[in-house]
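This report refers to the structure that appears directly beneath it.
The values are calculated or read from the model by the stated rules, or taken from the named source; none is laboratory data. Predicted model, so just to flag it, every value in this text is computed and none were measured. No Cβ is skipped: glycine too gets one built from the backbone with ideal geometry, and neighbour counts run over all protein chains shown.
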Amino acid sequence: MNTFLSSRQESERQKYRLFASERVYPLAEALERHRVSLKELLQSCAQDGFLGLTVAYEYGGQGKSFLDQILFVEAVSEFAPGLGFTLSAHTTAIELLKRFGSVEQKAKFLPALAKGDKIGSFALSEEAAGTDLSAVQTVCYRQGDKLILSGKKVWVANAEFAGVLIVLTRMRDSSDDGQLALAVVDLAETDKIDISPDRSTLGLRAAYINDVEFTGSELVGDNLLAFQAAETTVEQVRYGLDLSNIQMAATAVGMLSGALNAAADHARQRKQFGKRLGQFQAVQWKLADCSVELDASRLLTYRAAWSADENVADLRKNAAMCKWYATKASRVHVSEAVQILGSAGVSGDSLLERFYRDAKMLEICQGTSELQKIILAEEFAL
């Protein structure tokens with residue numbers, strides 16, 4: 001693997017950063033407080049082709065690599081990590097459809113997802129089922145040409161305005177009793193769905209996180225993701241979570257980059273005891289530590305994204321590694337950046353106050369740090 005971006009990717013990266021600085025940064029605080037429409041911002045992303053970066057040209061996308069998606073998530077997360085989290089859920093739905101969807105499912109959903117006509121989401125967690133997939137209680141059964149879906153999913157990103165949900169459920173057919181499956185739910189064609197108001201959360205408040213309850217919802221037509229070779233639903237879920245983890249790491253990298261820039265700017269300008277803060281060795285060392293951890297996190301994240309494109313055999317390990325390392329680094333060094341800013345860092349309208357809360361959320365969302373260590377320990381066959 002070449003750990004440096006190609007000239008094309010570097011050019012694209014600059015384009016993503018320009019979009020983030022011009023279109024995301026001015027709205028960051030208002031997004032946090034839901035004073036502007038996140039859905040409208042997503043439409044703006046779609047108009048520039050950013051919601052379908054990895055969707056093939058034939059389906060109306062940009063046909064780019066997963067690494068391009070990571071570069072875009074990193075860019076917007078420098079100002080609004082909640083938007084990075086939102087994009088992760090949308091893109092994970094796209095990637096699951098790309099890899100496991102039928103020809104009909106791809107033709108129906110991928111163009112709409114790429115254009116922003118529909119926003120995607122991945123609904124896994126339940127009150128008693130998070131990491132433990134065996135505890136899933138959402139069920140579906142066949143009734144003629146329909147699937148009937150019942151159960152409640154929690155912590156579903158984008159559900160409030162999503163068009164497509166990929167839902168983990170348990171089949172209740174006599175021929176396949178109790179087996180897990182991933183159902184594709186088109187919300188425009190499905191009734192008997194109750195979506196809760198946005199959850200109040202510690203961080204990532206720009207995102208919309210809802211609970212979704214299915215009460216005998218009827219799904220008509222082709223609505224289960226197909227298997228390839230000897231795959232299982234658990235392997236499909238793991239694939240989706242691996243891609244989510246890489247995007248969570250990219251969110252952490254973007255946020256940490258924004259925190260480092262803010263802390264360095266403050267250190268150049270703020271004076272105490274007749275000197276600029278940046279002249280004190282204690283501050284210099286905090287910035288130096290952050291710089292190293294940022295680059296290490298970025299390289300781990302880019303390697304994992306490269307695995308998704310070129311070396312799926314190492315995807316799970318690399319995804320777990322970058323998610324654990326980058327989110328931990330962001331929590332530690334965003335805290336140090338707040339320390340450098342002092343009272344300005346804990347002000348309720350400051351960028352770093354938001355980042356401080358967001359950083360802890362990232363260590364938990366899409367799989368805790370402890371889960372990533374369990375995945376990495378599996379490599380040793382203990």
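Within segment 339-381, the residues that satisfy the criterion of being touching a residue at least 40 places away in the same chain (Cβ under 8 Å), among the hydrophobic types (A, V, I, L, M, F, W, C) and within 26 Å of residue 199 (Cα to Cα) are 351, 352, 355, 359, 361, 362, 365, 371. Taking every residue in segment 118-130 that is touching a residue at least 60 places away in the same chain (Cβ under 8 Å) and more than 13 Å from residue 163 (Cβ to Cβ) and pairing it with any residue that is outside any strand (DSSP E or B) and of a type outside the set (Asp, Glu), at least 6 positions away or on another chain, the pairs with Cβ-Cβ distances below 6 Å are 122/89; 122/92; 122/93; 122/240.
Residue by residue, here is whether (1) surrounded by fewer than 16 Cβ atoms within 10 Å (Cβ to Cβ); (2) closer than 18 Å to residue 73 by Cα; (3) touching a helix residue (DSSP H, G or I) at 6+ places or on another chain (Cβ under 9 Å) holds:
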| residue | (1), (2), (3) |
| --- | --- |
| 305 | no, yes, yes |
| 313 | yes, no, yes |
| 336 | no, no, yes |
| 343 | yes, no, no |
| 366 | no, yes, yes |
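Of the strands (runs of 3 or more DSSP E) lying entirely inside segment 175-224, the ones with 1 or more residues being of a type outside the set (Val, Ile, Thr) and in contact with a Cys (Cβ under 9 Å, 6 or more places away or on another chain) are found at 180-186, 209-220. The residues of segment 280-298 that are of a type in the set (A, V, I, L, M, F, W, C), touching a residue at least 12 places away in the same chain (Cβ under 8 Å) and surrounded by fewer than 16 Cβ atoms within 10 Å (Cβ to Cβ) amount to a single one, 296. Would you check if there is a residue in segment 195-215 being within 30 Å of residue 280 (Cβ to Cβ), in contact (Cβ under 8 Å) with a residue 60 or more places away in the chain and surrounded by fewer than 24 Cβ atoms within 10 Å (Cβ to Cβ)? Yes; the residues of segment 195-215 include at least one that is within 30 Å of residue 280 (Cβ to Cβ), in contact (Cβ under 8 Å) with a residue 60 or more places away in the chain and surrounded by fewer than 24 Cβ atoms within 10 Å (Cβ to Cβ).
Where helices (runs of 4 or more DSSP H) fall entirely within segment 64-121, those with at least 3 residues that are of a type outside the set (A, V, I, L, M), within 13 Å of the chain's Cα centre (by Cα) and outside the structural domain of residue 315 (by TED's automatic domain parsing) are at 66-77, 81-100. Scanning segment 216-244 for residues that are of a type in the set (Gly, Ala, Ser) and touching a residue at least 24 places away in the same chain (Cβ under 8 Å), we see that the one that is surrounded by the fewest Cβ atoms within 10 Å (Cβ to Cβ) is 216. For residue 335, the stated conditions do not hold, so it cannot be described as under 30 Å from residue 6 (Cβ atoms) and at pLDDT 95 or above.
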